[in-house]
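Here the structure comes first, spelled out in structure tokens, and everything after it is commentary.
The values are calculated or read from the model by the stated rules, or taken from the named source; none is laboratory data. Model, not experiment: these values are computed from the prediction. Cβ: placed from backbone, ideal geometry, glycine included. Neighbour counts: every protein chain shown. For accessibility, only protein heavy atoms count, side chains too; no ligands or nucleic acids. Shrake-Rupley method; radii C 1.70, N 1.55, O 1.52, S 1.80 Å.
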Amino acid sequence: MSSITFGRNSSSTYGLIVAPYEIPTPPVQTNYVSVPGRDGSLDMSEAFGHVIYGDRVINLTLFAVGDYQTRVSNFLNAVHGSNMSIVFDKDSTHYYQGRVEVTGIEKRDGYCAISVTVTAEPYKYDNSETTVTINGTGRTTLSNGKMPVVPTVVCTAETTLSITVNLHVSTITLSAGTHVVPELALSPNGSLRVNVTSEGKTTFKYRKGWI
């Protein structure tokens, strides 16, 4: 039986049955500019360097059967209006982040239908962070998913990073501690080659997002 985890499992915690559903793709935020004297429009949809997406709106129906009053009440009080992580059993290695709204409760003899709308962020996220660790001096390639992201760098000693982007090399020295380095920005489906010079441990942490 299908289930959805709204912080807690819809089946084992609330005793609800999930109707068949589809998770829609997020809409592309297009920007076409009409220029006088030019054939067609100017496509500015990637003005920030990559495509921007709108919210992913997911409509769901869940059923409670039998003596359902307590189950419906528990579910409503736990999720209605909350912004939370949501895991669908058909895609259990990722989670969606969004606000949950119970938009309707239809009570009938023997069952109750609960209408739920999730207004989710465009990307689904890996359950686990991507973590790359270099002990001492070494080299690595950081690869990304669909969502732009800037890794966090944790250094146990002074560290020098040499970052190669389109044959251009940037060199940055970091003290021991936790840092966000804009030069490490990973573009959608992109990768960066990084040389690390250190006498300690250097860890890169980031979470990949996907459509």
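With both labels modelled 7 Å from their Cα along Cα-to-Cβ, the residue 65 to residue 32 distance reads 4.9 nm.
Dipole magnitude for the chain: computed about the Cα centre from +1 point charges on Lys and Arg Cβ and -1 point charges on Asp and Glu Cβ, it is near 280 debye. Anyone know which of 20, 188, 148 comes out most mobile in the 10 Å Cα GNM of the chain? Evaluated over the chain, the most mobile residue of the options is 20. Solvent exposure of residue 22, expressed as accessible area, is near 140 Å², computed with a probe of 1.4 Å over the protein chains only. What is the distance in Å between the Cα centres of segment 183-204 and segment 117-150? Their Cα centres are 12 Å away from one another. When peptides 85-93, 24-32 are ranked by their average number of other Cβ atoms within 10 Å per residue, the highest-first order is 85-93, 24-32. Estimated translational diffusion coefficient (Stokes-Einstein, Kirkwood radius over Cα pairs, 10 °C, 1.306 mPa s) of segment 121-211: 119 µm² per second. Computed from backbone phi, the HN-Hα couplings of segment 160-170 come to 10, 10, 10, 10, 9, 10, 6, 6, 9, 10, 10 Hz, rounded to whole numbers (Karplus: 6.51 cos²θ - 1.76 cosθ + 1.60, θ = phi - 60°; Gly and Pro given as x).
Taking θ as phi - 60° and the Karplus parameters 6.51, -1.76 and 1.60, the scalar couplings of segment 105-111 work out to 10, 10, 9, 9, 5, x, 7 Hz in sequence order, x denoting glycine and proline. Here is the list for segment 70-169: GluC sites (Glu not before Pro) lying in DSSP coil, each with at most 16 other C-beta atoms within 10 angstrom of its C-beta, are 129, 158.
Computed over segment 49-196, the Cα gyration tensor eigenvalues convert (square root of 5λ each) into semi-axes of 46, 16, 12 Å, ordered from largest to smallest. Annotation: lysines with alpha-carbon distance below 22 angstrom to residue 208 (same-chain offsets under eight excluded): 90, 124, 146.
Figure note: 179, 80 ranked by solvent-accessible area, largest first, 1.4 Å probe, ligands and nucleic acids not counted: 80, 179. Among 126, 109, 55, the sequence by solvent-accessible area, most first, with a 1.4 Å probe is 109, 55, 126.
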